[in-house]
1. Output yes when any residue across segment 139-153 is surrounded by fewer than 21 Cβ atoms within 10 Å (Cβ to Cβ), in contact (Cβ under 8 Å) with a residue 12 or more places away in the chain and closer than 24 Å to residue 188 by Cα, and no when none is.
2. Being under 21 Å from residue 104 (Cα atoms) and in a helix (DSSP H, G or I) is the filter here; which residues of segment 137-175 pass it?
3. Kindly establish whether residue 348 is touching a helix residue (DSSP H, G or I) at 6+ places or on another chain (Cβ under 8 Å), without any contact (Cβ under 8 Å) to a residue 40 or more places away in the chain and more than 23 Å from residue 221 (Cβ to Cβ).
4. Condition first: within 28 Å of residue 405 (Cβ to Cβ), surrounded by fewer than 24 Cβ atoms within 10 Å (Cβ to Cβ), more than 14 Å from the chain's Cα centre (by Cα) and modelled with pLDDT of 95 or more. Can you find one or more residues in segment 207-224 that meet it?
5. Can you go through 308, 315 and tell me which one is part of a helix (DSSP H, G or I) and in contact (Cβ under 8 Å) with a residue 60 or more places away in the chain?
6. Could you check segment 398-417 and list, in sequence order, the residues that are touching a strand residue (DSSP E or B) at 6+ places or on another chain (Cβ under 6 Å) and either part of a helix (DSSP H, G or I) or surrounded by 19 or more Cβ atoms within 10 Å (Cβ to Cβ) (or both)?
7. Restricting attention to segment 34-84, report how many residues are within 26 Å of the chain's Cα centre (by Cα) and part of a loop (DSSP other than H, G, I, E, B).
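The values are calculated or read from the model by the stated rules, or taken from the named source; none is laboratory data. Given the structure is predicted, the values throughout are model-derived calculations rather than measurements. Cβ placement follows ideal geometry from the backbone for every residue including glycine, while neighbour counts extend to all protein chains displayed.
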């Protein structure tokens, strides 16, 4: 029939509509929040049926509010914030409270290692190059490779990850309650939520960000078990808030803390440099540039250098060689990335073998960095900053020795944050530039 639309044309027309629905507040909450609630129902024997019921009621209430009105965004933002706290903090707090009574269930072995490391530091003992076989971590099963868990002889975490646990441990000692490192993670989660709420973007976009980070199992599932991803992610969110509000020194300081907590944050450093370059071109403030670089370097140097100087070989072996395959008992090739693909295809015979992953990481990351950096310089928005960082992080982690499930979850979450962050410019406002140049 003449004039009838072709199936291909109809498909092309429907794809943008479907994408718009999925990237709307209803789409984000329906998919991500729905998965979160389903997971709570699956784990109801662990976290209780009342939490699952409350989360379900909250989900449907917010969805109905979104459907019924195009306004009332302050109320909607309060609603998603409360739901995010309920579904992220609720299971975490339940796990902490139930642990003395029922013991370990779905906790991550790194949680136990960090708790033991905090204890060792408080007793003035080293934390790198030591044996963890006499800690509760040794009770965890290990079947990925023959022999015991290699982490029993290596601490891959940066010193700051241990140091931030000390005030919480001292507080729990005063209160007479058991120390659980997830208390530290919950504090960082609150920092991340505050960073999102104070971003200079619309309330609707804040709604999307809170949903992507706090009402989604991509991050919260690992928070419940005690993995540390929320720490650096919260500081990256704080970095974005400070950059978007024109505070590069504070942003550099926040990113410096993130870098001192987890290697993932290193991939954001080039994009911070780009912002500093843009600001330098605008007003040539040597003080701002030097102070920003100092703020970026201060915490990593102050926290890592003492431990390195105390035992250079032990620090380098645990923090660098263990994760990169530079020692015989390095972390095995595993996960869902390039390394596991090579093992599946029998290019690598054993998970414990060495392989030059660094070459592939550089081959993937450098072109991605070049392309995303050029795109950011053409239009320096907060969304492009995050997209570039997420793309480089994906390239580095996917081609690493191991690409674990929580690594994939972090990368996906960062990409989910790109659209809500939008086109807020990170370049100085023209009026500000003119005043500074005239001064």
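1. Checked against the condition, which is being surrounded by fewer than 21 Cβ atoms within 10 Å (Cβ to Cβ), in contact (Cβ under 8 Å) with a residue 12 or more places away in the chain and closer than 24 Å to residue 188 by Cα, segment 139-153 yields no hits at all.
2. 137, 138, 139, 150, 151, 152, 162, 165, 168, 169, 172, 173
3. On the way: touching a helix residue (DSSP H, G or I) at 6+ places or on another chain (Cβ under 8 Å): yes; without any contact (Cβ under 8 Å) to a residue 40 or more places away in the chain: yes; more than 23 Å from residue 221 (Cβ to Cβ): yes.
Yes, satisfied.
4. The answer is no, given that none of the residues of segment 207-224 is within 28 Å of residue 405 (Cβ to Cβ), surrounded by fewer than 24 Cβ atoms within 10 Å (Cβ to Cβ), more than 14 Å from the chain's Cα centre (by Cα) and modelled with pLDDT of 95 or more.
5. Details: 308 fails: in contact (Cβ under 8 Å) with a residue 60 or more places away in the chain.
The conditions single out 315.
6. Narrowing segment 398-417 to residues touching a strand residue (DSSP E or B) at 6+ places or on another chain (Cβ under 6 Å): 402-404.
Within segment 398-417, 402, 403 meet the criteria.
7. The qualifying residues number 1.
Every residue, every condition in (1) buried (at least 18 other Cβ atoms within 10 Å of the Cβ); (2) out of contact with any strand residue (DSSP E or B) (no Cβ under 8 Å at 6 or more places or on another chain); (3) modelled with pLDDT of 85 or more; (4) more than 23 Å from residue 193 (Cα to Cα), yes or no:
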site: 8; (1), (2), (3), (4): no, yes, no, yes
site: 12; (1), (2), (3), (4): no, yes, no, yes
site: 15; (1), (2), (3), (4): no, yes, no, yes
site: 21; (1), (2), (3), (4): no, yes, no, yes
site: 26; (1), (2), (3), (4): no, yes, yes, no
site: 33; (1), (2), (3), (4): yes, yes, yes, no
site: 50; (1), (2), (3), (4): no, yes, yes, yes
site: 66; (1), (2), (3), (4): yes, yes, yes, no
site: 82; (1), (2), (3), (4): no, yes, yes, no
